[in-house]
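Just below is one structure, and these are the notes that go with it.
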Amino acid sequence: MTAQTIKPSKTASNASPKTKTSNPITMCIDIGGSGLKAMLVDAEGHPVSERQRVVTPAVATPRAVLKGLDQLRKALPTFDRVSVGFPGVIKKGVTYTAANLHPAWYGFPLAKELETRWKKPARAANDAAVQGYGVVKGDGVELVITLGTGLGSSLFTDGHLCPGLELAHHPWKRDREYEDYLGRRGLDKFGKKRWNKLVQEAIEQTAQLFNWDHLYLGGGNAKKIDFKLGKNVEAVSNEAGLLGGVALWRDW
Ligand code: BGC
């Protein structure tokens, strides 16, 4: 597996970044259902490397994914610490669900494993929460929804995360979950036109449920949205899923 270099949309230097403790460099990782991505980011949240990507292993056990992460690490210059966005429930660095990866992620100490493997401090959080840290304004109730292989969701009040929101597996319509309609399976099954209608419907549902002041739509499939976004609804760059990783090291 060779890492593929993707130029970041923001200015990034290709020079080997300085690893001063005053400006620690974070290797921000996004574990996704179709790709594993990583980029180095400085303390202020600016990219300081290109983005690297490898394909998510078909059988995405912890062992296989860690091998992919090793590839990403090799493709990047040095760094001081690690942040990971993980596509499932994760508490204190331990993963509990990963609907689009593999059941072996139940109870896996991801952050600890990376610390041992790479000898760098590591923190991990849900991928939609990390994406949220990269985009929210810190004002009022802000909901983040990511449309990718899975359906990510995170909720913030005045910039503070309300952890644990899992809209993906909440029942919706008859006997299904939101993710069955809005994730990649839904897009493949219903086609772009109907999927767009469903996304619109879900946005209305979330507005009634959370009374959000602002909604952000991210993830690889957000670019497939073909309707006009309403007031206070914004499509955000997929790169935020990496840039937000720096927030995991903030002093709260
Ligand atoms: C998981 C979420 C995750 C989302 C996007 C869902 O299947 O349950 O935790 O945020 O996929 O990766």
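All conditions but one from (1) surrounded by fewer than 20 Cβ atoms within 10 Å (Cβ to Cβ); (2) away from the ligand (no atom under 14 Å from the Cβ); (3) free of Cβ contacts under 8 Å to residues at least 60 places away in the same chain apply to residue 185; the one that does not is (2). Here the condition is being within 14 Å of the ligand (Cβ to nearest atom) and surrounded by 19 or more Cβ atoms within 10 Å (Cβ to Cβ); of 167, 215, 243, 248, it holds for 167 alone. On the given criteria, is residue 26 within 16 Å of the ligand (Cβ to nearest atom), at pLDDT 95 or above and either within 20 Å of residue 219 (Cα to Cα) or within 19 Å of the chain's Cα centre (by Cα) (or both)? So residue 26 fails the test. For the stretch 147-161, taking the residues that are touching a Cys at 6+ places or on another chain (Cβ under 9 Å) and not small (Gly, Ala, Ser), the one that is farthest from the ligand (Cβ to nearest atom) is identified as 156.
Which one is most open to solvent (accessible area, probe 1.4 Å) among residues in the stretch 29-45 that are part of a loop (DSSP other than H, G, I, E, B) and within 16 Å of the ligand (Cβ to nearest atom)? That would be 34. Taken as a whole, the structure leaves residue 173 outside the set of residues that are away from the ligand (no atom under 14 Å from the Cβ) and in the same structural domain as residue 28 (by TED's automatic domain parsing). All but one of (1) open to solvent by less than 20 Å² (accessible area, probe 1.4 Å); (2) under 15 Å from the mean Cα position of the chain (by Cα) hold for residue 111; which doesn't? Among (1) open to solvent by less than 20 Å² (accessible area, probe 1.4 Å); (2) under 15 Å from the mean Cα position of the chain (by Cα), the lone unmet condition for residue 111 is (2). Considering each residue of the stretch 160-178 in turn, at least one proves to be in contact with a strand residue (DSSP E or B) (Cβ under 8 Å, 6 or more places away or on another chain), in a strand (DSSP E or B) and aliphatic (A, V, I, L, M). Residues in the stretch 77-88 that are more than 16 Å from the ligand (Cβ to nearest atom) and either acidic (Asp, Glu) or touching a strand residue (DSSP E or B) at 6+ places or on another chain (Cβ under 6 Å) (or both): 79, 80, 81, 82. Checking each residue in the stretch 72-103 for being of a type in the set (Phe, Trp, Tyr), buried (at least 17 other Cβ atoms within 10 Å of the Cβ) and more than 14 Å from the chain's Cα centre (by Cα) picks out only 79. Between 245, 241, 140, the distinction of being at pLDDT 95 or above, within 25 Å of residue 6 (Cβ to Cβ) and either assigned by TED's automatic domain parsing to the domain that holds residue 51 or touching a Ser or Thr at 6+ places or on another chain (Cβ under 8 Å) (or both) belongs to 245 only. Please verify whether residue 57 is surrounded by fewer than 21 Cβ atoms within 10 Å (Cβ to Cβ), at pLDDT 95 or above, in contact with a helix residue (DSSP H, G or I) (Cβ under 7 Å, 6 or more places away or on another chain) and farther than 20 Å from residue 129 by Cβ, treating the condition exactly as stated. Yes, satisfied.
The values are calculated or read from the model by the stated rules, or taken from the named source; none is laboratory data. These numbers come from a predicted model, not from an experiment. Heads up, the Cβs are rebuilt from the backbone with ideal geometry, glycines too, and the neighbour counts pull from every protein chain shown. When the accessible area is computed, the model is the full protein with side chains, heavy atoms only, and any ligands, DNA or RNA have been set aside. Shrake-Rupley method; radii C 1.70, N 1.55, O 1.52, S 1.80 Å.
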